[in-house]
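Below is one structure, written out as structure tokens, with a few remarks after it.
Please treat every number below as a calculation from the coordinates, not as lab data. Just so it is clear, the structure is predicted and the values come from calculations on it, not from any experiment. Note that we place each Cβ from the backbone using ideal geometry, even for glycine, and neighbour counts take in every protein chain shown.
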Amino acid sequence: MKGGKAWVGDQVYDHAAVKSAVVTDVRDGTYLLRPLCGGGQVWTAPSDENLTVSVARPERLE
């Protein structure tokens, strides 16, 4: 997390897409998300408004 918001490497729940993801990039406030496992198509979230951090990056790396 960065400043209390989702950031690259964080595992999040996307309430709009109704699924979990990992944040892979943030560009101009748009979040690029990928599925947790199994590959699949990436998608974007226009802001962090509908994202809830499930596991912050430092915890995922333990």
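A few comments on the model shown:
- D (Stokes-Einstein, µm²/s), Kirkwood Cα radius, the chain, 1.002 mPa s at 20 °C: 189
- Sum of -39500 (n - 2.57) over DSSP H runs of 4+, divided by residues of the chain (222 nm, nearest 500): -1000 deg cm²/dmol
- Karplus (6.51, -1.76, 1.60) ³J(HN,Hα), θ = phi - 60°, over region 46-60, in Hz, Gly and Pro reported as x: x, 7, 8, 3, 9, 9, 10, 6, 8, 9, 5, 3, x, 6, 5
- Take the Cβ atoms of Glu62 and Leu32, set R0 to 35 Å, and the FRET efficiency comes out at 0.90.
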